[in-house]
Structure formats: C-alpha cells, structure tokens
Amino acid sequence: MSEPQGEGDPNCPVCGGVGYLRFDVPIGHPLFGKVVPCACRYGALEARRRKKLFAMSRLDKLSHLTFETFQPRGRIGIGPLQAASLEQAYNTARQFAAQPEGWLLLQGGYGCGKTHLAAAIANEVVSRGVSTLFLTVPDLLDFLRFAYGNPAARFEERFEEIRQVPLLVLDDFGTQSATPWAQEKLFQILNFRYINRLPTVITTNLLLAEIEPRLRSRLQDPELVTHLYIQAPDYRRPTDDTGHSELSTLGLMSKYTFGNFSLREDERLSRRDAESLRKAFEAARAFAEEPQGWLIFTGPYGNGKTHLAAAIANYRAGLGYPPLFVVVPDLLDHLRATFSPNSTTTYDRRFEEIRTAPLLILDDLGTQATTPWAREKLYQLFNYRYNAELPTVVTTALPLEEIDARLRSRMLDPRLSRVFLISAPPFYGGARRGRKRA
C-alpha cells in the first residue's frame with residue numbers, strides 16, 4: 001500500500017515532518033495499519049480544501065462583486081421605498097458576512113442586487129479563510145448529476161462537502177429543473193443544514209407561496225431565517241431618453257397633469273357625479289405623493305380615469321421615479337412579441353420587468369382579448385403584485401362584477417385597494433349646454 005505524501009512541518013516533534021501518524025494498536029485491531037494526518041498538517045489540508053471549494057464556486061469570476069462596489073442606495077431615480085429596502089438588505093448582508101449565523105433569504109426581482117450581495121458575503125467570508133461554496137442552484141444540480149453518473153467523481157464525497165461546508169450560498173433558487181430527483185437532492189441538502197443550523201444564504205425571485213412546501217416550511221422559520229425582500233428595480237432595465245421604460249407609453253401622455261385636470265365645475269353635473277370626480281382627483285393626488293397599495297378607477301369611457309392615471313405617472317416621473325404606464329392590450333402584445341424569433345429579450349425577463357415594476361399603471365383593463373392565455377398572464381401579474389403589495393394603479397370601464405373573479409378578489413381587498421367609481425358622464429372638453437326651457 002502506498003504511503004501518504006509527507007506534507008508536515010519539518011520541525012514537528014510528533015511526526016518528524018512526515019505529516020501523518022499510524023495508530024499504535026495490535027494486529028487485528030480495526031485501526032491497525034491506518035494512518036491519520038498529524039496536527040501540523042491540518043493547516044495545509046484546510047488550505048487545499050478551501051482552494052477546491054473556491055474553484056468549485058467559481059468565485060474568481062465574481063471577485064468584483066464586493067460590498068465596496070455595491071450601491072447601497074441604488075441607482076439615481078429609484079423611489080425612496082425601493083432605496084430603503086436595498087439599503088436594509090446591504091446592511092443586513094454586511095452584518096451576516098461579519099458573523100455568519102443562521103440563514104439569510106434574499107428575495108426580489110431580476111437585477112435588484114440579490115446576487116451581488118450574496119457574492120459579496122461569500123467573497124468577504126472566504127477572505128477570512130472560512131471554507132465557502134457559492135453556486136447557482138441549476139449549477140449545483142448539474143454538478144451532482146455529473147457526479148452521480150460518473151464513478152470517478154465520488155458522488156457521496158461531493159454531496160457531503162456541499163451539505164457540510166461552513167458557509168453555503170445558493171443563488172437563483174427556483175430556476176432549477178423541478179424534477180423529483182432534483183427536488184429531493186435539494187431538500188436533503190437544505191434539510192441537513194436546517195437541522196444542524198449551518199450558515200446558509202439563499203437568493204430567489206420566487207414568492208414563498210411558490211416554493212415547494214417542505215422547503216418553504218424551513219425558510220419560514222423566524223428563529224433561523226432572516227428574510228429580506230428587495231423592492232429595487234432591475235438596474236439593467238432599458239429606458240428611453242426620458243427615463244421611461246421602453247414598454248411605457250407615458251411619453252405619449254405628457255399633457256395629462258393634475259394642473260389641467262378639470263373638475264367640471266362649470267357643468268351641470270349632479271352632486272353625486274361631481275363628488276365622485278372630486279374624490280377620485282384627491283385620491284390620485286395623495287397617491288402620487290406617496291404610492292402605497294392599489295388605486296382602482298372605474299366608470300364610463302371619457303370621464304377622466306386615464307387622465308388621473310397619467311397625471312400620477314407624470315408627477316412621479318417629475319420627481320425622478322418614472323413608473324411603468326401601459327395599456328393592458330399593449331402589455332399583452334409586448335409579452336406575445338417575446339415568442340418571436342426576432343425578439344431581443346426573453347419572455348421571462350419581459351414579464352419580470354412588468355410584474356416587479358416599483359409602480360405599475362395599467363390602463364383600460366377589460367379591453368384586452370379574453371383568451372385563456374391572456375387571462376392567465378393577467379392573473380399571474382395581479383397575484384404577484386398583490387402578494388408583494390407593490391403600488392399599482394388600474395383603470396377600467398367594465399363594471400367590476402364583469403372582471404375575472406380572480407382579479408376582482410384582489411382589486412376589492414380593502415386592506416390593499418381603494419376603489420373609486422367616477423360616475424360623471426364623458427367629458428368633451430367644454431361646458432355642456434343645458435336644455436332650453438320650453
């Protein structure tokens with residue numbers, strides 16, 4: 001049997017520089033003939049292990065993602081609530097890197113900074129000599145599949161390294177193939193780390209309700225998991241020269257402001273109609289100052305719903321926080337366009353941009369084609385923003401009872417939404433003449 005290579009300290013009084021020791025036991029003992037590393041060799045072994053994990057992590061390609069290169073207040077133009085959530089995530093990540101304990105769950109849309117913060121944690125912890133493994137979940141599962149089908153790769157050894165590494169960082173949780181085998185391996189890794197309270201960082205753009213129940217129950221343990229939702233928008237999101245998203249039609253609506261909105265006081269509106277117009281106007285002004293929850297404007301065509309929605313959008317854009325303003329049929333056309341071979345963006349990225357917009361204004365709900373695909377996409381959009389409580393404005397000329405029940409249930413939730421029925425008749429730009437007396 002070949003002897004282990006000597007990597008010990010030449011001045012070690014125990015092993016004499018050989019780097020290993022044999023058990024002093026009689027022939028026939030289970031430990032007879034076996035060797036163990038000498039204590040003087042532990043440093044070299046740990047350094048080699050760290051180097052192997054570092055190579056597996058590909059952290060060398062993420063070395064630029066540090067706390068120093070992160071913008072804790074985000075880019076210019078994001079809203080104060082979004083900037084605050086980003087700063088909180090940054091501060092919490094720095095604290096976790098300084099003392100890795102428990103689990104840290106970073107949630108948010110694409111491009112909000114989750115991966116940067118996770119890599120910054122890994123880079124800082126590695127710099128202190130702590131063995132760390134940083135992997136995207138699809139890469140982790142690919143790695144395990146390769147090892148499982150390759151006897152030379154020693155699957156069990158690799159699996160144990162991942163389960164027991166002092167710090168495990170899993171990026172893009174939820175983007176993996178959801179096969180039974182993949183789900184089971186992922187559960188085994190996380191369950192082991194959960195039971196043993198091993199430091200773990202997870203990033204995901206999924207909602208907790210969308211995560212497999214066994215894993216979700218562990219991610220919801222408040223005694224172990226620190227959960228942060230980053231509301232910042234995608235820093236890579238394309239905008240036009242005005243700062244508007246390329247999806248937004250707000251550039252065509254610049255004339256609609258609060259200043260030129262008419263309360264139609266010179267018309268002979270009924271008290272009920274005039275009051276509905278005034279209340280909607282005041283609600284829009286308040287919402288524009290501090291967008292929170294959902295604001296729903298309903299009523300006949302041409303009575304000011306779109307004007308108020310555009311006025312909110314223009315006011316926010318004037319403050320440097322341009323929202324996403326889009327007519328619902330156009331929104332669905334944008335999503336369909338991603339399936340074209342000539343599309344420059346993917347469906348997932350386009351849909352993610354829409355559903356995670358810091359402020360989304362949907363005009364003319366109900367005018368879209370009512371295909372099963374359209375209904376499902378709108379439900380997914382509404383459901384995400386409802387669960388995440390993201391500020392949203394919706395205008396519709398449909399009676400609410402005619403709207404898809406799944407959408408209606410979210411639009412009418414009084415904890416989140418305020419609904420304003422504008423009962424005033426269509427406005428044609430001037431005073432309406434009363435009938436001449438007979």
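The values are calculated or read from the model by the stated rules, or taken from the named source; none is laboratory data. Keep in mind that this is a model prediction, so the values were computed, not measured. Note: ideal-geometry Cβ built from the backbone for every residue, glycine included; neighbour counts use all protein chains shown. The protein model used for the area step is the full one, side chains on, heavy atoms only, and it has no ligands, DNA or RNA in it. Shrake-Rupley method; radii C 1.70, N 1.55, O 1.52, S 1.80 Å.
Using alpha carbons only, how many angstrom separate the centre of segment 105-142 from the centre of segment 381-399?
Segment 105-142 and segment 381-399 have Cα centres spaced 32 Å from each other.
Residue separation times 0.36 nm, minus the C-alpha to C-alpha distance between Ser217 and Arg271: what's the value?
14.1 nm
At 1.4 Å probe size, what's the solvent-accessible area of Trp373? Round to the nearest 10 Å².
80
What do you get for GluC sites (Glu not before Pro) in segment 262-297 restricted to DSSP loop and a cutoff of at most 14 other Cβ within 10 Å of the site's Cβ?
Hits after loop and neighbour filter: Glu265.
Considering only protein heavy atoms, what per residue accessible area in square angstrom results for segment 321-414 with a 1.4 angstrom probe?
It amounts to 42 Å² per residue over segment 321-414.
Could you give me D for segment 289-436, from Stokes-Einstein at 4 °C and 1.567 mPa s, where the hydrodynamic radius is the Kirkwood radius over C-alpha pairs? Units µm² s⁻¹, please.
Translational diffusion coefficient: 79 µm²/s.
State, to one decimal in nm, how far the label point of Asp60 lies from the label point of Phe339, with both points 7 Å from Cα in the Cβ direction.
4.4
With the full set of protein chains in place, find how many percent of the accessible area of segment 326-436 is carbon and sulfur; take the probe as 1.4 Å.
Within segment 326-436, the accessible surface is 51 percent carbon and sulfur.
Which length gain, in nm to one decimal place, applies between Phe143 and Gln188 when the Cα-Cα distance is subtracted from 0.36 nm times their residue separation?
Here the answer is 14.7 nm.
When the solvent-accessible surface of protein heavy atoms is calculated with a 1.4 angstrom probe, in what order do Leu59, Leu208 fall, highest first?
Leu208, Leu59
Check the straight Cα-Cα distances from Lys34 and name the aspartates and glutamates below 12 Å, setting aside those fewer than 8 residues away within the same chain.
Partners found: Glu3, Asp24.
Exceeding 19 Å between C-alpha atoms, which entries from my cross-link table qualify? They are Lys61/Lys114; Lys114/Lys377; Lys279/Lys305.
The pairs that break the limit, which is 19 Å between Cα atoms, are Lys114/Lys377.
Round to the nearest 0.05 the FRET efficiency obtained for Tyr301 and Thr69 when R0 = 45 Å and r is the Cβ-Cβ distance.
About 0.35, to the nearest 0.05.
Taking H as built 1.01 Å from N, whose amide H comes closer than 5 Å to the amide H of Leu104, not counting residues under 5 places away?
The list, which skips near neighbours in sequence, is Thr200, Val201, Ile202, Thr226.
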